[in-house]
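Working notes for the structure below.
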Amino acid sequence: MRGASFENQALVHAIAEAAYKAGARLVEVSWMDDQMELIRFAHAPRDSFDEFPKWRLAGALEYAERGDATLSISGADPELLARQDPELVGVYHSTMWKEMAPYLNHVTGNSMNWCVIAAARQAWAKKVFPNMQPEKAAAKLWKTIFQMCRVNTEDPVAAWQEHIRNLQARGKYLSQKQYAALRYTAPGTDLTLGLPPGHCWASARELAKNGVEFTANIPTEETFTMGDRNRADGIVSSTKTLNHGGVLIEGIVVRFENGRVVEARASRNEAALQKIIATDDGAACIGEIALVPNSSPISKSGLVFHNTLFDENASCHLALGRAYKFNYSGGLELNDEEFAAVGGNQSLIHVDFMIGSGAMDIDGLTRDGRAEPVMRQGEWAFTT
Ligand code: ZN
Ligand code: ZN
């Protein structure tokens, strides 16, 4: 278990018990403490933020290489680092990405079954429900999380499985279509994204190299693929706040030419956006193209969660940076050069930003130049 907070101790204990009952041989917890991060930012030497404890990587690799299941629990204060020096925050994050890259390769390559869930915590809940007392806000956020994950239905497991089947049917349809490109139009957006021949659309269920079928995110509402890293042209505007490691970036407008970002603006925290794009060569290219209907329960809730696990599932989104090899047919067998040669993007980062709305139309462009409706006004425009 990664990212566990002391505030969610009861949940962590319940999960550990359930894991042992399900046959786990060892359940290990890597605890996270927001306050310790803030103390470091307040008191550590300014030139020490590019230092990283190597054992963290070694520990994570030990499990990943064995194919051990990993559960990450998100729920930190979305603005934890908002008042810190953006320069330091940038160094802190890029150091973490860089040092943990070998482990992240295992995650994106599905070496093991992994999952990200969310647990309500007071600081986060206060951002979602700013007018409530922290304790009440946390209780309300728990209730909301249960709704989004369909836990409030009579048979949550059956409801969840039906949801996964529906998502997979969308993915199958789109994979068979093998569109050459997608064209997005919405206020502030006119963007064409190339799709390489052989791309495949994935959704809620994947097969890990350890042989276990798994769902990587709960909740999940997306059907997604990789783009051709050399073919993105036009302008796209974000429709929701991007929370990047505790810094909220708003009003993103990005222009692409030949697959690369050539201009990027944001109405809030533009410097943080520029830093993301400058991380490395692949950070200026698109790694993920995800479709989410505007009527998804998360979108319908009308809430802004300031947490990517929820907000990305409320909206069509794109990710700058690393593409997933499983989004290319046979991709898990390709080495990095082969993957790049078919248009797969590589980067230390993978940052999702939200672009969907009820005003968005998306066409699939066929290889012989026809346009077919994929989404109209934010909703699926085909039946499976
Ligand atoms: Zn996504
Ligand atoms: Zn993503």
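Look through Gln147, Gln161 and report the one residue that is more than 16 Å from ligand 1 (Cβ to nearest atom), free of Cβ contacts under 8 Å to residues at least 12 places away in the same chain, surrounded by fewer than 18 Cβ atoms within 10 Å (Cβ to Cβ) and not aliphatic (A, V, I, L, M).
Numbers: Gln147 fails: free of Cβ contacts under 8 Å to residues at least 12 places away in the same chain.
Exactly one of Gln147, Gln161 is more than 16 Å from ligand 1 (Cβ to nearest atom), free of Cβ contacts under 8 Å to residues at least 12 places away in the same chain, surrounded by fewer than 18 Cβ atoms within 10 Å (Cβ to Cβ) and not aliphatic (A, V, I, L, M), namely Gln161.
Surrounded by 18 or more Cβ atoms within 10 Å (Cβ to Cβ) and outside any helix (DSSP H, G or I): is that true of Ala24 in this structure?
Numbers: surrounded by 18 or more Cβ atoms within 10 Å (Cβ to Cβ): no; outside any helix (DSSP H, G or I): yes.
Against the criterion (surrounded by 18 or more Cβ atoms within 10 Å (Cβ to Cβ) and outside any helix (DSSP H, G or I)), Ala24 does not qualify.
Could you please find all residues in region 287-319 being within 11 Å of ligand 2 (Cβ to nearest atom) and within 23 Å of Phe382 (Cβ to Cβ)? Outline the logic, then answer.
From region 287-319, those within 11 Å of ligand 2 (Cβ to nearest atom) are 287-290, 308-309, 312-313, 317-319; that's our starting set.
Listed by number, the residues that qualify are Glu288, Ile289, Ala290, Glu312, Asn313, His317, Leu318.
Working only within region 28-47, note down all residues that are surrounded by 11 or more Cβ atoms within 10 Å (Cβ to Cβ) and more than 25 Å from the chain's Cα centre (by Cα).
Ile39, Arg40, Phe41, Ala44
Take the residues of region 33-56 that are among the charged types (D, E, K, R) and touching a residue at least 40 places away in the same chain (Cβ under 8 Å): which is nearest to Pro86 (Cα to Cα)?
Quick first cut of region 33-56, residues among the charged types (D, E, K, R) only: 33-34, 37, 40, 46-47, 50-51, 54, 56.
Filter once more, keeping what is touching a residue at least 40 places away in the same chain (Cβ under 8 Å): 34, 37, 46, 50-51, 54, 56.
Values: Asp34: 17, Glu37: 15, Arg46: 12, Asp50: 14, Glu51: 17, Lys54: 24, Arg56: 24 Å.
Per the criteria, the residue is Arg46.
Can you tell me which residues in region 117-138 are more than 19 Å from Val304 (Cβ to Cβ) and either without any contact (Cβ under 8 Å) to a residue 12 or more places away in the chain or of a type in the set (A, V, I, L, M) (or both)?
From region 117-138, those more than 19 Å from Val304 (Cβ to Cβ) are 117, 133, 135; that's our starting set.
Of everything in region 117-138, those that are more than 19 Å from Val304 (Cβ to Cβ) and either without any contact (Cβ under 8 Å) to a residue 12 or more places away in the chain or of a type in the set (A, V, I, L, M) (or both) turn out to be Ile117, Gln133.
Here's a check for you: in region 333-355, which residue that is without any contact (Cβ under 8 Å) to a residue 12 or more places away in the chain and surrounded by 14 or more Cβ atoms within 10 Å (Cβ to Cβ) is farthest from Leu309 (Cα to Cα)? Give the derivation first.
To start, the set of residues in region 333-355 that are without any contact (Cβ under 8 Å) to a residue 12 or more places away in the chain comprises 333-338, 341.
Pick out the ones that are also surrounded by 14 or more Cβ atoms within 10 Å (Cβ to Cβ) and you get 334, 338.
On the way: Leu334: 28, Glu338: 30 Å.
Out of the qualifying residues, it is Glu338.
If a residue has to be surrounded by 17 or more Cβ atoms within 10 Å (Cβ to Cβ) and in contact with a strand residue (DSSP E or B) (Cβ under 7 Å, 6 or more places away or on another chain) to count, how many in region 234-246 make the cut? If you could, list the steps in order and put the result at the bottom.
From region 234-246, those surrounded by 17 or more Cβ atoms within 10 Å (Cβ to Cβ) are 236-246; that's our starting set.
Narrowing further to those that are in contact with a strand residue (DSSP E or B) (Cβ under 7 Å, 6 or more places away or on another chain): 236-242, 244.
Number of matching residues: 8.
Evaluate the following for Ile276: is it touching a His at 6+ places or on another chain (Cβ under 8 Å) and among the aliphatic types (A, V, I, L, M)? Talk me through it step by step, then tell me what you get.
Values: touching a His at 6+ places or on another chain (Cβ under 8 Å): yes; among the aliphatic types (A, V, I, L, M): yes.
When the stated conditions are applied, Ile276 passes them.
Answer yes if at least one residue in region 223-233 is touching a strand residue (DSSP E or B) at 6+ places or on another chain (Cβ under 7 Å), closer than 23 Å to Ala371 by Cβ, within 15 Å of ligand 1 (Cβ to nearest atom) and among the small types (Gly, Ala, Ser), and no otherwise.
Yes, region 223-233 contains at least one residue that is touching a strand residue (DSSP E or B) at 6+ places or on another chain (Cβ under 7 Å), closer than 23 Å to Ala371 by Cβ, within 15 Å of ligand 1 (Cβ to nearest atom) and among the small types (Gly, Ala, Ser).
Out of all the residues in region 308-332, which are more than 15 Å from Gly227 (Cβ to Cβ) and either of a type in the set (Asp, Glu) or surrounded by 19 or more Cβ atoms within 10 Å (Cβ to Cβ) (or both)?
Answer for region 308-332, where residues must be more than 15 Å from Gly227 (Cβ to Cβ) and either of a type in the set (Asp, Glu) or surrounded by 19 or more Cβ atoms within 10 Å (Cβ to Cβ) (or both): Thr308, Leu309, Phe310, Asp311, Glu312, Asn313, Ala314, Ser315.
Could you grab me the full set of residues in region 247-265 that are within 23 Å of Lys127 (Cα to Cα) and either surrounded by fewer than 20 Cβ atoms within 10 Å (Cβ to Cβ) or of a type in the set (Asp, Glu) (or both)? Talk me through it step by step, then tell me what you get.
Within region 247-265, the subset within 23 Å of Lys127 (Cα to Cα) is 247-252.
Hits for region 247-265 are Leu248, Glu250, Gly251.
Go through (1) among the polar types (S, T, N, Q); (2) within 25 Å of Thr225 (Cα to Cα); (3) in contact with a Phe, Trp or Tyr (Cβ under 7 Å, 6 or more places away or on another chain) one by one and return the number of the condition Asn152 breaks.
Looking at each condition in turn, Asn152 falls short on (2).
Select from region 196-222 the residues that are among the charged types (D, E, K, R), closer than 19 Å to Trp160 by Cβ and surrounded by fewer than 22 Cβ atoms within 10 Å (Cβ to Cβ) and write down the one among them that is farthest from ligand 1 (Cβ to nearest atom).
Initially, region 196-222 is screened for residues among the charged types (D, E, K, R), giving 205-206, 209, 213, 221-222.
When the remaining residues are screened for being closer than 19 Å to Trp160 by Cβ, the result is 205-206, 213, 221-222.
Subsequent filtering for residues that are surrounded by fewer than 22 Cβ atoms within 10 Å (Cβ to Cβ) retains 205-206, 213.
On the way: Arg205: 15, Glu206: 13, Glu213: 19 Å.
Ranking the qualifying residues of region 196-222, first place goes to Glu213.
Of (1) closer than 21 Å to Glu206 by Cα; (2) within 16 Å of ligand 2 (Cβ to nearest atom), Leu348 satisfies all except one. Which?
Only one criterion in (1) closer than 21 Å to Glu206 by Cα; (2) within 16 Å of ligand 2 (Cβ to nearest atom) is unmet by Leu348, namely (1).
Quick check on my filter: what residues within region 356-384 are closer than 19 Å to Ser296 by Cα, out of contact with any Gly (no Cβ under 8 Å at 6 or more places or on another chain), in contact (Cβ under 8 Å) with a residue 24 or more places away in the chain and surrounded by 14 or more Cβ atoms within 10 Å (Cβ to Cβ)?
Asp361, Ile362, Met375, Trp380, Phe382
Laboratory data are not the source of any read-out in this text; all were calculated from the coordinates shown. Owing to the predicted nature of the structure, the values given are computational and were not obtained by experimental measurement. Counting neighbours? That spans all protein chains shown, and the Cβs are built from the backbone with ideal geometry, glycine included.
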